[in-house]
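Notes for the one structure printed next.
The values are calculated or read from the model by the stated rules, or taken from the named source; none is laboratory data. What you see is a predicted model, and the numbers here were worked out from it, not measured in a lab. Ideal geometry is used to build each Cβ from the backbone, glycine not excepted, and the neighbour counts take in all protein chains shown. Only protein heavy atoms, including side chains, enter the accessible area calculation; ligands, DNA and RNA are left aside. Shrake-Rupley method; radii C 1.70, N 1.55, O 1.52, S 1.80 Å.
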Amino acid sequence: QVHVVESGGGLVQPGGSLRLSCAASGSIFRFSTMGWYRQAPGKQRELVATITSGFSTNYAASVKGRFTISKYNTNNTVYLQMNSLKPEDTAVYYCNARFSGAEYWGQGTQVTVSS
């Protein structure tokens, strides 16, 4: 059984920063890919950023240069540093972990960017 738990969301003013954390625990030693997705009200869930076990990263064009995904190789924990936040970044952010064709999701954490 795998548990994925996010933390670090909240309310921030435009131009501010937040750091999200995601911890995946359970029967899988190391996930092949972990990443962040987000879903704004009335919109489909979209990719934000992913990182592989080999530390290759991928970003959505809308966050490139502002967000940074990182992880420690010794455990299944991934971070998302979000800088220069914009109102359009407001969404529920979900952590995703993949291994051998299966994927696991966290419950999501709300990020609200507003003055």
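Can you compute the charge dipole magnitude of segment 58-115 about its Cα centre, using +1 on each Lys and Arg Cβ and -1 on each Asp and Glu Cβ, nothing else charged? Give it in debye, rounded to the nearest 20.
About 160 debye.
Please work out the average accessible area per residue across the chain, using the 1.4 Å probe convention, and give it in Å².
52
Computing the accessible area with a 1.4 Å probe over protein heavy atoms, can you report the carbon and sulfur percentage for the chain?
49
Order 43, 71, most accessible first, counting only protein heavy atoms with a 1.4 angstrom probe.
43, 71
Need one number: % antiparallel among DSSP beta bridges in the chain, to the nearest 5.
Around 90 percent of the beta bridges assigned by DSSP in the chain are antiparallel ones.
Report the net charge of residues surrounding residue 29, where surrounding means a beta-carbon distance below 15 angstrom and charges are Lys +1, Arg +1, Asp -1, Glu -1.
Residues near residue 29 contribute +3 overall.
Which whole-number percent of Cα pairs in the chain have a distance greater than 21 Å?
I get 31 percent for the Cα pairs in the chain exceeding 21 Å.
From the convex hull of the Cα coordinates of segment 1-48, what is the mean projected area in square nanometres?
Its average projected convex-hull area is 4.7 nm².
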